[in-house]
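J.: Just passing along the structure, written as C-alpha cells.
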Amino acid sequence: KDAYGAPVIGEHGRWLGIVVVMHDITELIKLEQVRKDFVANVSHELKTPVTSIKGFSETLLYGAYKNEETLISFLEIIHKESNRLQMLITDLLDLSKVEQVGYEVNLQKVKLNDVLNRCIDMSTHLLEEKEIELAFSVEDSVKVLGDSNRLMQIMMNLVTNAITYSSDHTTLHISIFKNEKYGIFRIQDEGIGISKEEISRIFERFYRVDRARSRNSGGTGLGLAIVKHLVEAHHGLIEVDSEVGKGTCFTVYIPLVKS
Ligand code: ADP
C-alpha cells in the first residue's frame, strides 16, 4: 500500500516504462510507536495506584479493619493513592487539551511580578517544609502578553520541581527581567541537577530521571510536557541549563506587551 507502480504506455501501445511512487513512512511508524508507548505508560501509571487501592481495601474488608492501627495506616495508603490517581487524571486531561492542534491561550496584559507573588504564596508551605530560602532579583512591571492562570501554572511547575529536586536548607534564585522582545522568568536551584544526556528528554511525557524519587514526591512525569506546550502557546521559549550535583536553571521567555 505504501509503494505502487503504473505502466506508462506511449503511442501505438509502446511500453515506455513504469512509474513507481513510494512514500517514506518512517515518520509515521515513529509517531505510531510514540502513541503506543504513551498508551502503555498511561495504563501502567493508572494501574499501579488502582492495584494498591484494591489490595488494601480488600484486606480491610476481610477483617483487617478490626485492628485500629492497621485500619488507619491502610486508609492513609488508600487516600494517598487516590490523590495520585486524581493528579494523574488532571494532568492527563490538561495535557490532552494543551496538545491539541490549534489550542490557544487567552492572551492579556499580565505583570510577571503578580504571577510570581501568587506562585510564592502557594509554595510557602513546601518551602518551609524543606527550609528553602528564596533570593529575588525582580525588575518591576515586566508586562507580558499572557494568560495569567496558565503563566501561573508554568511558574508553579518550575518552582515545585526546583523544591522537589533540591535538598533542605538550599536557596532558590528567582529573577524577572526583560530584553527588547521578551519578559523573562528564571529559576535557579541548588539541587541534584540533570545530566547532559537527560536534559533533552525531560520535556517528554512521563520521562523522569529518577522514577522512584519523582513518584514519592507526588510527581506525575507530565509537568514539564505541559509547561512546554503552554510556553509554546504563548509564542515563548524555554531553556534549561544544568549541572549534576550543582543545580538546574530554567529560563522562560514570554513576549512583552507592545506599548
Ligand atoms: P515530575 O512530575 O516527575 O517532576 P516533570 O515533567 O515535572 O515530572 O519533570 C520531569 C523530570 O525532569 C523529573 O522527573 C526530574 O527527573 C527532572 N527534573 C525536573 N525539574 C528538575 C529540577 N529542577 N532539578 C532536577 N531534575 C529536574
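J.: Which residues, taken from segment 200-259, are aromatic (Phe, Trp, Tyr) and at pLDDT 95 or above?
T.: Residues satisfying the conditions are Phe203, Phe250, Tyr253.
J.: Can I ask one more? Test each condition in (1) part of a loop (DSSP other than H, G, I, E, B); (2) near the ligand (Cβ under 10 Å from one of its atoms) for Asp140 and report the one that comes out false.
T.: Unmet condition: (2).
J.: Restricting to segment 156-183, name every residue that is within 13 Å of the ligand (Cβ to nearest atom) and either open to solvent by less than 10 Å² (accessible area, probe 1.4 Å) or assigned to a loop (DSSP other than H, G, I, E, B) (or both).
T.: Passing the criteria: Leu158, Val159, Ala162, Ile163, Tyr165, Ser166, Ser167, Thr170, Leu172, Ile174.
J.: Can you tell me which residue is farthest from the ligand (Cβ to nearest atom) among those in segment 193-202 that are in a loop (DSSP other than H, G, I, E, B) and open to solvent by 70 Å² or more (accessible area, probe 1.4 Å)?
T.: Filtering segment 193-202 for residues that are in a loop (DSSP other than H, G, I, E, B) and open to solvent by 70 Å² or more (accessible area, probe 1.4 Å), the one farthest from the ligand (Cβ to nearest atom) comes out as Ser200.
J.: How about segment 216-252: which of its residues are farther than 26 Å from Tyr103 by Cβ, in contact (Cβ under 8 Å) with a residue 60 or more places away in the chain and more than 8 Å from the ligand (Cβ to nearest atom)?
T.: Cys249, the sole residue that qualifies.
J.: Can you tell which of Arg205, Arg186 is in contact (Cβ under 8 Å) with a residue 24 or more places away in the chain, assigned to a strand (DSSP E or B) and open to solvent by 10 Å² or more (accessible area, probe 1.4 Å)?
T.: When all the criteria are applied, what remains is Arg186.
J.: So, one more: Within segment 220-249, can you find the residues that are open to solvent by 20 Å² or more (accessible area, probe 1.4 Å), farther than 18 Å from Val105 by Cβ and either touching a helix residue (DSSP H, G or I) at 6+ places or on another chain (Cβ under 7 Å) or assigned to a strand (DSSP E or B) (or both)?
T.: Within segment 220-249, Glu239, Val240, Asp241, Glu243 qualify.
J.: Another question about this same structure. Would you please name the residue that is nearest to Phe206 (Cα to Cα), looking only at residues in segment 1-55 that are open to solvent by less than 100 Å² (accessible area, probe 1.4 Å), charged (D, E, K, R) and out of contact with any Gly (no Cβ under 8 Å at 6 or more places or on another chain)?
T.: Checked segment 1-55; the qualifying residue nearest to Phe206 (Cα to Cα) is Asp37.
J.: Determine the pairs where a residue that is touching a residue at least 12 places away in the same chain (Cβ under 8 Å), located within segment 61-90, has a partner that is open to solvent by 50 Å² or more (accessible area, probe 1.4 Å) with Cβ atoms under 6 Å apart, the partner being 6 or more residues away or on another chain.
T.: Between residues of segment 61-90 that are touching a residue at least 12 places away in the same chain (Cβ under 8 Å) and residues that are open to solvent by 50 Å² or more (accessible area, probe 1.4 Å), the close pairs are Phe74/Phe56; Ile77/Phe56; Ile78/Phe56.
The values are calculated or read from the model by the stated rules, or taken from the named source; none is laboratory data. Note that the coordinates shown come from a computational prediction; the quantities given were computed from them, not determined experimentally. For neighbour counting, all protein chains shown are included, and Cβ atoms are generated from backbone atoms with ideal geometry for every residue, glycine included. Just so you know, the surface numbers come from the protein's heavy atoms only, side chains and all, with ligands and any DNA or RNA stripped out. Shrake-Rupley method; radii C 1.70, N 1.55, O 1.52, S 1.80 Å.
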